[in-house]
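What follows is calculated from the coordinates using simple rules that are stated; it is not laboratory data. Remember, predicted model here, so these are calculated numbers, not experimental data. Using ideal geometry, Cβ is built from the backbone for each residue, glycine included, and neighbour counts are taken over all protein chains shown.
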Amino acid sequence: MRLPALSIGEAGLPVARWRPGLGGVRHAEIFAPGREACGAALALSLALDGMRGEGNKPRDVLWVQDRVSMRLGGRPYRPGLPKPLQSRLIHVLAETCEDALFALEEGVRCRDLCCVIGELAGNPRALDFTASRRLSLAAEKHGVPLYLVRLDAERDLSSARMRWEVCSAPSPRPRWNADAPGMPTWRAELFRARGYPPGTWILHDDGTRLAAAAPDHGDLAAAAGNRSLAAG
Amino acid sequence: MAIWLPRLAIDRWRQVENAEDTGADAHPTVLITETARGIRIEALNHAALEAGARPGMMLADARALCPSLRAVPGDPEGDAAFLARLALWAQRWGPWSAVDAPDGLLVDVTGATHLFGGETRLLADAQALFAQRGLETRLAIATTCGAAWALAHYGPERAIFHHDAMTSVLADLPVAALRLGNDVLVVLRRLGLKRIGQLWGVSRDALQRRFRERSVTANPLLRLDQLLGRLPEPLLPVIERQMPLVQRGLLEPICHRELLDRVIADLASDMERELESGGQGARRLELGMWRVDGEVVVRRLETTAPTRDPAHICRLFADRLDDVDAGFGIELVQLRAPWTEPLSLAQGDIEVEAEAQGTTLAQCIDRLTVRLGEKAVRRPVPFASHTPERAQRWQPPLEPEEISQGLLAFHDRPLKLLDKPEKIAVLYASPDGYPRQFRWRDRLHEVVRVEGPERIAPEWWREKRGTRLRDYYRIEDGEGRRYWIYRQGIIGDGRGGMPDWFLQGLCP
């Protein structure tokens, strides 16, 4: 008899579903549409979520963009960043994908960074499985998490430990002005992960924590239930 | 060290024309320049000198003496550019060199002579190398720049003088050795003062009364003081601290990258010792590579924090050496640190973990800036402005942030801002003023939730008249996408026709 919140992993042991606050993932990929800021926003939320457990002194965040992704989605804007990161952001603008990958790798090797966020557009030739494996290994060796946002990209081969597909979702109505856009809300599908079964969530970030809810559509809820990783 | 190239123009002509091989040098030739009073001889070769021509003569007079004289137009700009390149090349003898127009060089060899085995051998080396390039030189080393110049121009061949022995030799030199203007020299000659020693005989007060000009070229007294080092010489700034400098002369010129890398690794560890002894770390490093054919390749880099770690220095230079053209080989490699900052000795990391945990932030930023450029790695800082795109500026990542007034966050701001607001086509606007439907990047958006307007007036103290105000709206479309849009101007503000709509930011 299986519990609904657990599924059986490849080793035959029950595997817990992903939930916010677990952290511990060093290399995550987030596929997002280029016309929205949801990819970078989810990356920041996941990064902050992963950092909340650690009580270390504040360290800097490296945000690497290539030229195409900057043209698609613009630059980070300090007043709009999450409060704890506003004074800790270092931005790198790389002309090509090769330069961006170099910057990402240098970033994850640096012990004074708390995380590295990358934004790459499309499926560049330089970002193949070898390159992504290099990043995974470096991130895991030095313990600096890497969140790579892929704008308008196909799901290609990658060694990322968690792979998300995200898009914006209608936000809950704010309490005081029901006609205004509410707190950031995304519909995120975890389609491949090491250690977690795939699933879909509606994620909210209210500025203090990341919260997950089951998607309201009945059919998707069933699909996201408790498949094993092998079945996904 | 002062280097005088008395025959620079003609030596250069000889090189350019390849005159020695073609036999053109045997023919009397003069380099001419056009003046208001006619064509004058600038420089001339030995054959022309024997034929009776003299520099400064009119060409017509010289032709009268030697009808077969060949006249070639001089190239003063080319000479000056050549001299500038020579000055760079002359840095092989010292870290600092200057052009002494029109035909001289000054090299600061303070503390560098031991690299060549003493001053005598330094001068011999310099003269031999200049001769190899086909340049006739007169050289002198002295404790002041003025004295070196005087000795190079009027003193014995390859003169070396220290402060105590200098006075007696200098006293015999003509007053022209003081680098004075022509009219002053005429005055001195009329006064019967022909030697520097005679000027010393005159009392200071008398000279002061006679020559009141402030300019050094018109005042012999100032020049005399400069000669003996009583006055600072503005031509060369005094270098208080010696620039850390290490170099390797190579027996066999190198053409290959691996060998060059090894030389640079050696130099970097030499530099580490040099810097460590002074408790310094380098902020700026210059790597000079002297090629066999007389060209110099210089690579410069700056670090964000003082460093003397050889591995780090090698790595930084490695990215910069890909495009070095070794030509026929590199014969001398020099590494210098023109800008250093105190860096005390640090205890090595005891924790093994820390060793394995990668680079520090400063090292990481250095590596990024060396490969991607300084403009590519920056940190956003707030700036006092109401206009959203102006409220954020960029600065180098490790510079301290300027103190600014905290912002009152009444309104949410987008996570990302487009570099240039993009125009959107509003298909249908509600009576309240915000769009119900708009088209952006060829896709239709249905607005379902709106917050706004937030009115931001133009900053009249910055912007020109006629700039329109902006009404910002935070919107969410039917699929949950959140954007930050604005209308530029309002109908009837007298600053243009129908207001346009723009999309400026992407909200999380």
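Distance from the C-alpha centroid of the range A:45-116 to that of the range B:366-415: 13 Å, rounded to the whole angstrom. In terms of surrounding Cβ atoms within a 10 Å radius of their Cβ, B:Thr22, B:Thr120, B:Thr144 rank from fewest to most as B:Thr22, B:Thr120, B:Thr144.
FRET efficiency for the B:Arg462 to A:Asp206 pair, using the beta carbon distance and R₀ = 25 Å, is estimated at 0.10.
In debye, nearest 20, what is the charge dipole magnitude of the range B:245-347 about its Cα centre with +1 on Lys and Arg Cβ and -1 on Asp and Glu Cβ, if you could check? If you can, show how the numbers build up before the last one.
Numbers: 13 positive and 19 negative charges, 55 e Å.
With Lys and Arg at +1 and Asp and Glu at -1, about 260 debye.
Ignoring solvent entirely, what values of log10 I(q)/I(0) come out of the Debye formula for the protein assembly as shown at 0.07, 0.08, 0.10 Å⁻¹ when each Cα is a single scatterer? Values, matching the q order: -0.73, -0.84, -1.02. Between the range B:72-129 and the range B:252-293, the C-alpha centres lie 22 angstrom from each other. Taking the number of Cβ atoms within 10 Å of each Cβ as an exposure proxy, the fewest-first ranking of B:Leu105, A:Leu120 is A:Leu120, B:Leu105. How would you classify the range B:267-314 from its alpha-carbon gyration tensor, with a ≥ b ≥ c the square roots of the eigenvalues: rounded for a/c under 1.5, else prolate if a/b is greater than b/c, otherwise oblate? Taking the square roots of the gyration eigenvalues as a ≥ b ≥ c, the range B:267-314 is prolate.
Test of understanding: express the Cα radius of gyration of chain B as a ratio to 2.2 N^0.38 Å, with N the residue count.
1.45
Here B:Asp319 and A:Asn177 are evaluated by their C-beta separation; at R0 = 56 Å the FRET efficiency comes out at 0.60. Projected over every direction and averaged, the convex hull enclosing the alpha-carbon atoms of the range A:154-199 yields 4.4 nm². Once both axes come from the Cα atoms, what is the angle between helix B:76-89 and the longest principal axis of chain B, in degrees from 0 to 90, rounded to 10? Long axis of B:76-89 versus the principal axis of chain B: about 80 degrees. Left without a cysteine partner by the 4.7 Å Cβ rule in chain B: B:Cys66, B:Cys145, B:Cys255, B:Cys314, B:Cys507. Shown for A:Asp156, A:Asp112, B:Asp323, B:Asp11: other C-beta atoms within 10 Å of each C-beta, ranked fewest to most, produce the order B:Asp323, A:Asp156, A:Asp112, B:Asp11. This model, with +1 at the C-beta of Lys and Arg and -1 at the C-beta of Asp and Glu, gives the protein assembly as shown a dipole about its Cα centre of some 2000 debye. Using equal-weight Cα scatterers in the Debye expression, the normalised intensity of the range B:48-101 in log10 at q = 0.27 Å⁻¹ is -0.98. Using Cβ point charges alone (K and R +1, D and E -1), the dipole size of the range B:416-506 about the Cα centre works out to roughly 280 debye. Local charge for B:Tyr154 was computed over the other residues whose Cβ lies under 15 Å away, with Lys and Arg +1 and Asp and Glu -1, and equals +2. Summarising the amide proton neighbourhood of A:Cys110: residues at separation of 5 or more, or on other chains, whose placed amide H is nearer than 5 Å comprise B:Thr359. Using only Cα coordinates, the Kirkwood hydrodynamic radius of the range B:59-139 works out to 14.8 Å.
What the phi angles of the range B:110-118 give under the Karplus curve with 6.51, -1.76 and 1.60, with θ = phi - 60°, is a coupling list of 3, x, 10, 5, 5, 5, 10, x, x Hz, glycine and proline written as x. Shape annotation for the range B:245-347: C-alpha extents along the principal axes are 43, 23, 21 Å, from largest to smallest.
Taking packing as the residue-averaged number of other Cβ atoms within 10 angstrom, the listed peptides B:173-181, B:40-48 run from highest to lowest as B:40-48, B:173-181. The string of couplings for the range B:494-499 from the Karplus curve (6.51, -1.76, 1.60, θ = phi - 60°) is x, 10, x, x, 5, x Hz, one whole number per residue in order, with x for Gly and Pro.
Report for the protein assembly as shown the percent antiparallel among DSSP-assigned beta bridges with both residues inside it, nearest 5.
Working: 104 of 140 bridges.
Antiparallel bridges: around 75 percent, rounded to the nearest 5.
Its Cα gyration tensor gives the range A:87-194 an equivalent ellipsoid. The semi-axes, each the square root of 5 times an eigenvalue, are 29, 17, 14 Å from largest down. Picking from B:Pro458, B:Gly478, B:Trp501, whose Cα lies most toward the positive end of the charge dipole for the range B:416-506 (charges on Cβ: Lys, Arg +1; Asp, Glu -1)? Projecting each Cα onto the dipole axis, the largest value belongs to B:Pro458. In chain B, Cα pairs under 8 Å separated by at least six residues give a relative contact order of 8 percent. In this structure, B:His114 and B:Ala311 have a Cβ-Cβ separation that, at R0 = 25 Å, corresponds to a calculated FRET efficiency of about 0.30.
Since only B:Pro6, B:Leu245, B:Gln437 are under comparison, the one whose Cα sits farthest along the positive direction of the charge dipole of chain B, derived from C-beta charges on Lys, Arg, Asp and Glu, is B:Gln437. Secondary structure note: in the range B:245-347, about 100% of the DSSP beta bridges are antiparallel. Scattering from the range A:134-217 was approximated by placing one identical point on each alpha carbon and applying the Debye formula without solvent; log10 I(q)/I(0) at 0.20 1/Å stands at -1.05.
Seen against the Cα atoms of chain B and their longest principal axis, helix B:145-154 is set at about 40 degrees.
Think of the protein assembly as shown as a dipole: +1 on every Lys or Arg Cβ, -1 on every Asp or Glu Cβ, centred on the Cα centre; then among B:Ala326, B:Ala409, A:Pro58, B:Ala409 lies furthest on the positive end.
Rounded to the nearest 10 degrees, the angle from helix B:361-372 to the longest Cα principal axis of chain B is 80 degrees. Using the rule -39500 (n - 2.57) for each DSSP H run of four or more residues, divided by the residues of the protein assembly as shown, the 222 nm mean residue ellipticity is -8000 deg cm²/dmol. Where the alpha-carbon atoms of the range B:416-506 are placed on the principal axes, they occupy 40, 29, 23 Å, in descending order.
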